[in-house]
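For reference, the structure is listed below as C-alpha coordinates.
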Amino acid sequence: MPITTTVITGATSGIGKETAIALAKKDHALYLLVRDTVRGEELKQDIIAITKNKSVYVVHCDLADLESVRNAAGILKSSLLAINVLINNAGGIFNQRSESKDGFEMTFAVNHLGHFLLVQNLLPLLEKGQARIINVSSEAHRMAKPNFNDLQWTKRPYAAWKAYGTAKLFNIYFTRSLALKYGPKGISAFAVHPGLVNTRFGTGLTGIGKTLMWLARPFMISAETGAQTSIYLASASRIDAKSGKYFKNRHPANTSAAATNEVGRDRLWELSMELIAPFLT
Ligand SMILES: NC(=O)c1ccc[n+]([C@@H]2O[C@H](COP(=O)([O-])OP(=O)(O)OC[C@H]3O[C@@H](n4cnc5c(N)ncnc54)[C@H](OP(=O)(O)O)[C@@H]3O)[C@@H](O)[C@H]2O)c1
(Lines give C-alpha, C1' and ligand atoms only; values in the text may rest on other atoms or scores of the structure.)
Protein backbone atom coordinates (compact mmCIF):
# COMPACT_ATOMS: atom_id res chain seq x y z
CA MET A 1 0.00 0.00 0.00
CA PRO A 2 1.43 3.46 -0.84
CA ILE A 3 2.48 5.50 2.18
CA THR A 4 0.38 8.58 2.96
CA THR A 5 2.60 11.59 3.56
CA THR A 6 1.04 14.01 6.02
CA VAL A 7 2.24 17.44 7.10
CA ILE A 8 0.74 18.91 10.27
CA THR A 9 1.18 22.19 12.17
CA GLY A 10 0.56 22.60 15.89
CA ALA A 11 1.22 18.96 16.82
CA THR A 12 3.17 19.83 20.01
CA SER A 13 -0.05 20.16 22.00
CA GLY A 14 -3.77 19.41 22.25
CA ILE A 15 -5.77 18.45 19.18
CA GLY A 16 -2.76 18.41 16.85
CA LYS A 17 -0.83 16.00 19.07
CA GLU A 18 -3.72 13.50 19.19
CA THR A 19 -4.24 13.86 15.44
CA ALA A 20 -0.56 13.12 14.79
CA ILE A 21 -0.54 10.05 17.07
CA ALA A 22 -3.68 8.64 15.44
CA LEU A 23 -2.34 9.16 11.92
CA ALA A 24 1.02 7.59 12.84
CA LYS A 25 -0.98 4.56 14.03
CA LYS A 26 -2.53 4.49 10.55
CA ASP A 27 1.01 4.35 9.07
CA HIS A 28 1.13 7.89 7.70
CA ALA A 29 4.63 9.31 7.24
CA LEU A 30 4.44 12.44 9.41
CA TYR A 31 6.15 15.80 9.01
CA LEU A 32 5.67 17.80 12.21
CA LEU A 33 5.99 21.56 11.59
CA VAL A 34 6.83 23.04 15.00
CA ARG A 35 8.15 26.35 16.33
CA ASP A 36 9.99 24.62 19.21
CA THR A 37 12.18 21.86 17.79
CA VAL A 38 13.24 20.55 21.22
CA ARG A 39 9.59 19.83 22.03
CA GLY A 40 9.13 18.63 18.47
CA GLU A 41 11.89 16.02 18.88
CA GLU A 42 10.38 14.90 22.22
CA LEU A 43 7.01 14.54 20.50
CA LYS A 44 8.63 12.56 17.69
CA GLN A 45 10.13 10.10 20.21
CA ASP A 46 6.76 9.80 21.98
CA ILE A 47 4.98 9.07 18.71
CA ILE A 48 7.57 6.45 17.73
CA ALA A 49 7.33 4.82 21.19
CA ILE A 50 3.52 4.75 21.14
CA THR A 51 2.97 3.74 17.51
CA LYS A 52 6.23 1.98 16.44
CA ASN A 53 5.99 4.10 13.27
CA LYS A 54 9.48 5.52 12.67
CA SER A 55 8.51 7.71 9.72
CA VAL A 56 8.23 10.86 11.82
CA TYR A 57 10.21 14.01 10.98
CA VAL A 58 10.49 17.41 12.66
CA VAL A 59 10.73 20.65 10.67
CA HIS A 60 11.09 24.08 12.26
CA CYS A 61 8.21 26.39 11.33
CA ASP A 62 7.10 29.46 13.25
CA LEU A 63 3.84 30.60 11.68
CA ALA A 64 4.39 34.07 13.14
CA ASP A 65 7.49 34.45 10.95
CA LEU A 66 6.91 34.19 7.20
CA GLU A 67 10.59 33.61 6.46
CA SER A 68 10.46 30.59 8.75
CA VAL A 69 7.34 29.35 6.89
CA ARG A 70 9.14 29.81 3.56
CA ASN A 71 12.16 27.88 4.87
CA ALA A 72 9.96 25.05 6.17
CA ALA A 73 8.27 24.73 2.77
CA GLY A 74 11.73 24.72 1.15
CA ILE A 75 12.88 21.84 3.38
CA LEU A 76 9.75 19.85 2.52
CA LYS A 77 10.25 20.54 -1.19
CA SER A 78 13.84 19.32 -1.04
CA SER A 79 12.91 16.10 0.81
CA LEU A 80 9.52 15.09 -0.62
CA LEU A 81 8.02 14.33 -4.01
CA ALA A 82 4.42 14.74 -2.88
CA ILE A 83 2.20 15.58 0.07
CA ASN A 84 -1.12 13.73 0.47
CA VAL A 85 -2.50 15.48 3.56
CA LEU A 86 -1.77 18.94 4.98
CA ILE A 87 -3.38 19.73 8.33
CA ASN A 88 -3.30 23.44 9.16
CA ASN A 89 -4.05 22.93 12.84
CA ALA A 90 -1.90 25.42 14.77
CA GLY A 91 -3.72 28.41 16.18
CA GLY A 92 -4.53 30.43 19.21
CA ILE A 93 -6.21 33.41 20.82
CA PHE A 94 -4.18 36.35 22.15
CA ASN A 95 -5.23 38.41 25.14
CA GLN A 96 -3.58 41.65 24.03
CA ARG A 97 -2.87 42.87 20.53
CA SER A 98 0.61 41.78 19.50
CA GLU A 99 2.45 41.49 16.21
CA SER A 100 4.19 38.74 14.30
CA LYS A 101 7.82 39.11 13.19
CA ASP A 102 6.54 40.64 9.95
CA GLY A 103 4.32 43.18 11.75
CA PHE A 104 0.95 41.45 11.27
CA GLU A 105 -1.58 41.18 14.09
CA MET A 106 -0.76 37.87 15.79
CA THR A 107 -4.19 36.15 15.60
CA PHE A 108 -4.41 36.85 11.87
CA ALA A 109 -0.75 35.87 11.35
CA VAL A 110 -0.78 32.51 13.16
CA ASN A 111 -4.31 31.30 12.44
CA HIS A 112 -4.46 32.44 8.81
CA LEU A 113 -1.54 34.11 7.03
CA GLY A 114 1.25 31.66 7.93
CA HIS A 115 -0.86 28.75 6.71
CA PHE A 116 -1.84 30.70 3.59
CA LEU A 117 1.85 31.07 2.65
CA LEU A 118 2.60 27.46 3.56
CA VAL A 119 -0.06 26.25 1.11
CA GLN A 120 1.10 28.57 -1.68
CA ASN A 121 4.71 27.46 -1.38
CA LEU A 122 3.77 23.77 -1.15
CA LEU A 123 1.39 23.80 -4.15
CA PRO A 124 3.57 21.65 -6.46
CA LEU A 125 3.83 18.93 -3.78
CA LEU A 126 0.13 19.20 -2.92
CA GLU A 127 -0.82 18.84 -6.56
CA LYS A 128 1.47 15.84 -7.02
CA GLY A 129 -0.06 14.19 -3.94
CA GLN A 130 -3.67 15.04 -4.92
CA ALA A 131 -3.74 16.37 -1.40
CA ARG A 132 -6.43 17.02 1.14
CA ILE A 133 -5.92 20.28 3.00
CA ILE A 134 -7.60 20.37 6.41
CA ASN A 135 -8.00 23.78 8.08
CA VAL A 136 -8.88 23.68 11.78
CA SER A 137 -11.46 26.44 12.19
CA SER A 138 -14.00 26.94 14.99
CA GLU A 139 -17.61 27.73 15.82
CA ALA A 140 -16.09 30.98 17.07
CA HIS A 141 -16.25 32.06 13.40
CA ARG A 142 -19.83 33.10 14.23
CA MET A 143 -18.42 35.99 16.33
CA ALA A 144 -16.48 37.37 13.37
CA LYS A 145 -16.65 41.03 12.45
CA PRO A 146 -14.35 41.17 9.42
CA ASN A 147 -13.12 44.67 8.62
CA PHE A 148 -10.95 44.53 5.51
CA ASN A 149 -9.90 48.14 6.04
CA ASP A 150 -8.39 47.20 9.39
CA LEU A 151 -7.24 43.57 9.22
CA GLN A 152 -4.37 44.44 11.59
CA TRP A 153 -6.57 45.95 14.33
CA THR A 154 -4.74 49.30 14.37
CA LYS A 155 -7.79 51.56 13.83
CA ARG A 156 -10.15 50.17 16.52
CA PRO A 157 -9.81 48.78 20.03
CA TYR A 158 -8.49 45.21 19.89
CA ALA A 159 -10.97 42.52 21.02
CA ALA A 160 -9.42 39.05 21.47
CA TRP A 161 -12.50 36.93 20.74
CA LYS A 162 -13.55 39.05 17.74
CA ALA A 163 -10.01 38.83 16.32
CA TYR A 164 -10.02 35.07 16.89
CA GLY A 165 -13.53 34.60 15.45
CA THR A 166 -12.53 36.59 12.37
CA ALA A 167 -9.39 34.50 11.84
CA LYS A 168 -11.50 31.34 12.13
CA LEU A 169 -13.98 32.77 9.59
CA PHE A 170 -10.97 33.31 7.33
CA ASN A 171 -10.12 29.59 7.70
CA ILE A 172 -13.54 28.84 6.18
CA TYR A 173 -13.11 31.42 3.39
CA PHE A 174 -9.67 29.97 2.66
CA THR A 175 -11.06 26.41 2.55
CA ARG A 176 -13.75 27.33 0.03
CA SER A 177 -11.28 29.30 -2.13
CA LEU A 178 -8.84 26.37 -2.14
CA ALA A 179 -11.59 23.94 -3.13
CA LEU A 180 -12.72 26.19 -5.99
CA LYS A 181 -9.29 27.23 -7.28
CA TYR A 182 -7.41 23.94 -6.94
CA GLY A 183 -10.22 21.35 -7.10
CA PRO A 184 -9.65 21.01 -10.87
CA LYS A 185 -6.02 20.12 -10.08
CA GLY A 186 -7.09 17.32 -7.73
CA ILE A 187 -6.60 19.17 -4.43
CA SER A 188 -9.47 19.13 -1.93
CA ALA A 189 -9.96 21.26 1.19
CA PHE A 190 -12.01 20.95 4.35
CA ALA A 191 -12.65 23.17 7.37
CA VAL A 192 -13.17 21.63 10.81
CA HIS A 193 -14.75 22.60 14.10
CA PRO A 194 -13.17 20.17 16.59
CA GLY A 195 -15.66 20.84 19.42
CA LEU A 196 -15.03 22.58 22.73
CA VAL A 197 -11.80 20.84 23.64
CA ASN A 198 -9.75 20.73 26.84
CA THR A 199 -6.31 21.84 25.61
CA ARG A 200 -3.86 24.70 26.25
CA PHE A 201 -6.10 26.91 24.09
CA GLY A 202 -7.05 30.16 25.86
CA THR A 203 -4.77 29.64 28.86
CA GLY A 204 -3.24 33.11 28.36
CA LEU A 205 -6.59 34.90 28.60
CA THR A 206 -7.41 37.16 31.53
CA GLY A 207 -10.60 38.85 32.78
CA ILE A 208 -13.92 37.86 31.20
CA GLY A 209 -12.17 35.63 28.63
CA LYS A 210 -10.57 33.62 31.41
CA THR A 211 -13.91 33.37 33.26
CA LEU A 212 -15.64 32.13 30.09
CA MET A 213 -12.98 29.44 29.61
CA TRP A 214 -13.33 28.41 33.29
CA LEU A 215 -17.13 28.15 32.98
CA ALA A 216 -16.79 26.10 29.78
CA ARG A 217 -14.14 23.71 31.18
CA PRO A 218 -16.60 21.12 32.64
CA PHE A 219 -18.31 20.79 29.24
CA MET A 220 -15.11 20.31 27.27
CA ILE A 221 -14.24 17.08 25.46
CA SER A 222 -10.77 15.50 25.53
CA ALA A 223 -8.16 16.35 22.91
CA GLU A 224 -8.40 12.76 21.68
CA THR A 225 -12.14 13.19 21.00
CA GLY A 226 -11.58 16.68 19.57
CA ALA A 227 -9.13 15.26 17.04
CA GLN A 228 -11.62 12.80 15.54
CA THR A 229 -12.94 14.97 12.68
CA SER A 230 -9.41 15.92 11.54
CA ILE A 231 -8.40 12.24 11.68
CA TYR A 232 -11.51 11.25 9.73
CA LEU A 233 -10.87 13.84 6.99
CA ALA A 234 -7.21 12.82 6.77
CA SER A 235 -7.96 9.14 6.33
CA ALA A 236 -11.53 8.48 5.07
CA SER A 237 -12.05 7.39 1.49
CA ARG A 238 -14.43 9.00 -1.01
CA ILE A 239 -14.91 12.40 0.63
CA ASP A 240 -13.58 14.56 -2.20
CA ALA A 241 -17.10 15.45 -3.38
CA LYS A 242 -17.49 17.28 -0.05
CA SER A 243 -14.48 19.49 -0.70
CA GLY A 244 -14.95 23.10 0.44
CA LYS A 245 -17.29 22.20 3.29
CA TYR A 246 -17.17 22.87 7.03
CA PHE A 247 -17.22 19.72 9.17
CA LYS A 248 -18.33 19.03 12.74
CA ASN A 249 -18.48 15.56 14.28
CA ARG A 250 -17.25 14.06 10.98
CA HIS A 251 -20.19 15.51 9.02
CA PRO A 252 -20.69 18.62 6.87
CA ALA A 253 -22.34 21.35 8.92
CA ASN A 254 -23.83 24.81 8.41
CA THR A 255 -21.68 27.89 8.79
CA SER A 256 -22.70 31.43 9.63
CA ALA A 257 -24.19 33.43 6.75
CA ALA A 258 -21.04 35.60 6.76
CA ALA A 259 -18.93 32.54 5.96
CA THR A 260 -20.73 32.14 2.62
CA ASN A 261 -19.98 35.73 1.53
CA GLU A 262 -18.15 35.43 -1.79
CA VAL A 263 -17.01 39.06 -1.85
CA GLY A 264 -15.32 38.69 1.55
CA ARG A 265 -13.80 35.40 0.50
CA ASP A 266 -12.27 36.84 -2.65
CA ARG A 267 -11.12 39.97 -0.82
CA LEU A 268 -9.29 37.84 1.75
CA TRP A 269 -7.58 35.86 -1.01
CA GLU A 270 -6.39 38.99 -2.83
CA LEU A 271 -5.16 40.72 0.33
CA SER A 272 -3.41 37.60 1.60
CA MET A 273 -1.67 37.17 -1.77
CA GLU A 274 -0.40 40.75 -1.56
CA LEU A 275 0.86 40.29 2.01
CA ILE A 276 2.76 37.06 1.33
CA ALA A 277 4.12 38.10 -2.09
CA PRO A 278 7.70 38.76 -0.83
CA PHE A 279 7.86 35.23 0.57
CA LEU A 280 6.57 33.24 -2.42
CA THR A 281 8.95 30.69 -3.97
N1 LIG B 1 -9.57 23.90 22.10
C2 LIG B 1 -10.73 24.24 21.56
O3 LIG B 1 -11.80 24.21 22.22
C4 LIG B 1 -10.81 24.63 20.12
C5 LIG B 1 -12.09 24.87 19.57
C6 LIG B 1 -12.17 25.23 18.23
C7 LIG B 1 -11.03 25.32 17.46
N8 LIG B 1 -9.80 25.10 18.02
C9 LIG B 1 -8.62 25.21 17.17
O10 LIG B 1 -7.90 23.99 17.24
C11 LIG B 1 -6.53 24.21 16.87
C12 LIG B 1 -5.62 23.51 17.86
O13 LIG B 1 -5.77 24.15 19.12
P14 LIG B 1 -5.67 23.38 20.51
O15 LIG B 1 -6.99 23.55 21.18
O16 LIG B 1 -5.11 22.03 20.35
O17 LIG B 1 -4.68 24.39 21.28
P18 LIG B 1 -3.21 24.22 21.91
O19 LIG B 1 -3.18 23.07 22.83
O20 LIG B 1 -2.91 25.57 22.45
O21 LIG B 1 -2.28 23.92 20.63
C22 LIG B 1 -1.96 24.93 19.72
C23 LIG B 1 -0.81 24.48 18.84
O24 LIG B 1 -0.50 25.53 17.92
C25 LIG B 1 0.90 25.77 17.97
N26 LIG B 1 1.25 27.15 17.65
C27 LIG B 1 0.82 28.28 18.25
N28 LIG B 1 1.44 29.35 17.73
C29 LIG B 1 2.30 28.89 16.78
C30 LIG B 1 3.23 29.50 15.91
N31 LIG B 1 3.46 30.83 15.92
N32 LIG B 1 3.93 28.72 15.05
C33 LIG B 1 3.76 27.39 15.05
N34 LIG B 1 2.90 26.74 15.86
C35 LIG B 1 2.18 27.48 16.72
C36 LIG B 1 1.28 25.44 19.41
O37 LIG B 1 2.69 25.28 19.50
P38 LIG B 1 3.46 25.37 20.93
O39 LIG B 1 3.27 24.03 21.56
O40 LIG B 1 4.86 25.69 20.54
O41 LIG B 1 2.79 26.46 21.72
C42 LIG B 1 0.47 24.17 19.63
O43 LIG B 1 1.12 23.05 19.07
C44 LIG B 1 -6.36 25.73 16.83
O45 LIG B 1 -6.39 26.16 15.47
C46 LIG B 1 -7.58 26.26 17.57
O47 LIG B 1 -7.93 27.55 17.14
C48 LIG B 1 -9.67 24.75 19.34
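The values are calculated or read from the model by the stated rules, or taken from the named source; none is laboratory data. The structure presented is a predicted model; accordingly, all values stated were derived computationally and were not measured. Reconstructed Cβ throughout: ideal geometry from the backbone, glycine too, with neighbour counts over all protein chains shown. For accessibility, only protein heavy atoms count, side chains too; no ligands or nucleic acids. Shrake-Rupley method; radii C 1.70, N 1.55, O 1.52, S 1.80 Å.
Can you find a residue in segment 162-176 that is part of a strand (DSSP E or B) and under 26 Å from T281 (Cα atoms)?
Initial filter on segment 162-176 (part of a strand (DSSP E or B)): none.
No: segment 162-176 contains no residue that is part of a strand (DSSP E or B) and under 26 Å from T281 (Cα atoms).
For beta carbons closer than 9 Å, sequence separation of 6+ or different chains, a first residue in segment 49-61 that is farther than 14 Å from A22 by Cα and open to solvent by less than 90 Å² (accessible area, probe 1.4 Å) and a second that is modelled with pLDDT of 95 or more and in a loop (DSSP other than H, G, I, E, B), the qualifying pairs are H60/R35; H60/D36; C61/R35; C61/A90. Within segment 188-244, the set of residues being small (G, A, S), over 18 Å from the mean Cα position of the chain (by Cα) and near the ligand (Cβ under 10 Å from one of its atoms) comprises G204, A216. Scanning segment 160-197 for residues that are open to solvent by 30 Å² or more (accessible area, probe 1.4 Å) and out of contact with any Asp or Glu (no Cβ under 9 Å at 6 or more places or on another chain), we see that the one that is farthest from F94 (Cα to Cα) is P184. Among the residues of segment 73-91, not a single one is open to solvent by 20 Å² or more (accessible area, probe 1.4 Å) and touching an Asp or Glu at 6+ places or on another chain (Cβ under 7 Å). Residue pairs whose Cβ atoms lie under 7 Å apart, separated by 6 or more positions or on different chains, with the first residue in segment 33-44 and closer than 20 Å to I83 by Cα and the second open to solvent by 50 Å² or more (accessible area, probe 1.4 Å) and not in a helix (DSSP H, G or I), are V34/H60. Of the residues making up segment 210-266, just one is of a type in the set (D, E, K, R) and open to solvent by less than 50 Å² (accessible area, probe 1.4 Å), namely R265.
Cβ-Cβ contacts under 7 Å between residues 6 or more apart (or on different chains), taken from a first residue in segment 137-160 that is closer than 18 Å to A253 by Cα to a second residue that is of a type in the set (S, T, Y) and within 16 Å of the ligand (Cβ to nearest atom), are listed as S137/Y246; A140/Y164; H141/T255; H141/S256; R142/S256; A144/T166.
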